[in-house]
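Written below as structure tokens is the structure these notes are about.
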Amino acid sequence: MDVKAAAPFLETPASRPLDGTVVRALGDTVPVRVAVARLRALGCSIETGGGPPPLDAPAGRLRVVRAPWIPGDQALPDCRIGWSGPVRVPMTGERDVQAACGIMQVHGRATGEPRALRIDYASVCAGVLAAQTITAGMLAVLRGGADVRAATSVAQAAALALTQYVAVATTDPGSGSGSSRPDPEPGAERTPPFRSADGVRLEIETFRAETWLRFWTGLGAERSAIVAGWPPFQQRFATGTCDLPAGLQAAVAARDHLAVRRAAEDAGVSIVTVNDAGTPLPPPPGSPWRLRPLSDAPSPGAVPAPDGPSRGVEGGPLAGLRVVEATNRVQGPLAGHVLGLLGADVVRVEPPGGDPMRGVPPMAGECSARFLALNRGKGAVEADLKTEAGRERALRLAASSEVFLQNWAPGRAARFGLDAAAFAAVQPRLVYAYAGGWGEVLPAPQPMGTDYLVQAHTGVAALLSPPGAPPTPTLMTIIDVLGALISAEGVVAGLLAAARIGTGVQVETGLADAGRLLRESHDPGARAAARTAPVVSDLAAMAADPAYAALFETDGAAVYSRAPWTFTRPSSWQREAI
């Protein structure tokens, strides 16, 4: 990593890479409040009270006004936050964005009509993205770059959150409107969670058909219901619907929750209780990203990166940096994708034969549309990490890289021999990032760390439910997406810390951190602004609408969201006081 030699050594811990930085914040919106909290956790001092945000940043503005650790008289990062951003549909708040950008459409699929998420989800995502641009901008300045002025919007954050659904909608006719949902049986509760005989609501998870079969067989469910229920349960992450045979709900309703829990444990199915929004969580970690030094000092046995051309900083604040990624499903791949959108060169490590997700329909040409939504633009190498040769290949890649990102199940890194210590031995200034599930929120042995289980346990499901209604997770993957943004945010912070302290940095985030952030950001007393924007009912039609052209791009086979920010050189704008 090329860093100006004049940059002073950081005296504070790696967990506060923005120590000494002063940011001025304008606006009292959810995006600004979230961004300010994130920047404070990274060591920033915040100046507020300077009046309303400017007209070109109606949701708020953040500007670095002092950074004594930056050498010379350089322009410092600035981020303007809008509601509509580049979309030619007027939006003035969260409810407008959810309606006009498709969130209501996806969240409402389980019930057959558009519904608003009862949290400021897109605004929270935008706040994380805004904080991320400030941190990435500071890293770019430290590396000698100049792309420090950024603009983002709540609408762009919403589009990124829906990129998988838009990709599928534009390759699979009819899926973008949600109109294919069958009518439920009268009086039947078809969508998880499940309710036991003693009234406890439970959410379950498994990725394996054999454990699904064992669980329901143990509860005495009919074989036909078990077989019919597996496809919609398995596909609910992609479709936003999960219409199960009524017999499965009946099988749970016939047992008390302890009996259901025993059946799940015997079968190897993960199970959690759907908690209320007020259910206490363990205290948060000192650093939301658990940033800490990878080692006390560079290892004398480290293998240096091979010589090559000097890496520039054109093309985004992370241009010239390489990320090696060994991830699957949504959280890890989307985190890597965000780093790529910031300019990094991202290389995936995939098993022999490639990631199986590449072949999951619907297809966009020769590859899965959902896979491309999270992984387009990345390189890929195949390596069997269960073998010595595969592990050595991963380590060689990391030796010439700045980041290694993985979201393996707990304990797998140690079993592979690819934990943080192994990578520090070959690249002592590496950022080693783990995008996990539960963190310290649940003790070991932990259930699977997946979106719907985290919604259920952390109380997010209860925040989403209308007053008097039982807590029910949304089938839109809100936790996976926000967890990915938090992971990418941590990687950027880790890169800045590594640049300042001169050693590698470990980053650990989890899906539970997304649940905690949604709870912390929720204001139950806030009154939602009246919606004035139209409600999108078909994602494919939205993606084809010229008014949304700035949000989306196509490869000719499917449509995907563009980068959720733009970066501008100082030469194209006048420096001003705020």
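The values are calculated or read from the model by the stated rules, or taken from the named source; none is laboratory data. Only a predicted model underlies this, so the values are computations on that prediction, with no experimental measurement involved. Here the Cβ positions follow ideal geometry from the backbone for every residue, glycine too, while neighbour counts run over all protein chains shown. Side chains included, ligands, DNA and RNA excluded: accessible areas come from the protein's heavy atoms. Shrake-Rupley method; radii C 1.70, N 1.55, O 1.52, S 1.80 Å.
A few comments on the model shown:
- Rounded Å value of the spacing that divides the Cα centres of the range 435-458 and the range 348-408: 24 Å
- Carbon plus sulfur fraction of accessible area for the range 484-557, probe 1.4 Å, in percent: 50 percent
- Using a simple spin-label model with pseudo-atoms 7 Å out from Cα toward Cβ, Ile46 and Thr92 lie 2.5 nm apart.
- Once the C-beta distance of Asp198 and Lys386 is scaled by a Förster radius of 56 Å, the resulting FRET efficiency is 0.80 to the nearest 0.05.
- Maximal additional length on extending the Glu366-Asp555 stretch stands at 66.8 nm, based on 0.36 nm per residue less the C-alpha distance.
- Calculated FRET value between Gln74 and Ala526, using beta carbons and R₀ = 56 Å, to 0.05: 0.90
- By average C-beta atoms within 10 angstrom, highest first, the peptides 423-429, 555-561: 423-429, 555-561
- The mean accessible area for residues of the range 62-172, using a 1.4 Å probe and ignoring ligands and nucleic acids, is 23 Å² per residue.
- Ordering 430-436, 339-345 by mean Cβ neighbour count within 10 Å, with the highest value first, yields 430-436, 339-345.
- Percent carbon-and-sulfur accessible area, the range 211-293, ignoring ligands, DNA and RNA, probe 1.4 Å: 56 percent
- Efficiency of FRET between Asp256 and Phe207 - r from beta-carbon atoms, R0 30 angstrom, step 0.05: 0.65
- With θ taken as phi - 60° and the Karplus curve 6.51 cos²θ - 1.76 cosθ + 1.60 applied, the whole-hertz 3J(HN,Hα) list for the range 432-438 is 9, 10, 10, 9, x, x, 9 Hz, x standing for glycine and proline.
- For Val403, residues with placed amide H under 5 Å, excluding near neighbours: Arg322, Val324, Val431
- Relative to the Cα centre, the charge distribution of the chain, modelled as +1 at Lys and Arg Cβ and -1 at Asp and Glu Cβ, gives a dipole magnitude of about 580 debye.
- A straight line joining the Cα centroids of the range 108-130 and the range 478-523 runs 20 Å.
- In terms of packing, defined here as the mean over residues of other Cβ atoms within 10 angstrom, the peptides 453-462, 51-60, 16-25, 440-449 line up highest first as 453-462, 16-25, 51-60, 440-449.
- Listed by number, the DSSP H helices of the chain that run 30 Å or longer by alpha-carbon position along their axis and have mean Kyte hydropathy of at least 0.5 are 121-142, 478-501.
- Residue-averaged [θ]222 nm for the chain, counting only DSSP H segments that reach four residues, each worth -39500 (n - 2.57): -10000 deg cm²/dmol
- Full extension of the chain segment joining Arg223 with Ala37 gains 61.9 nm, where the gain is 0.36 nm per residue of separation less the Cα-Cα distance.
- Accessible area per residue, Å², the range 413-556 with all protein chains present, probe 1.4 Å: 32 Å²
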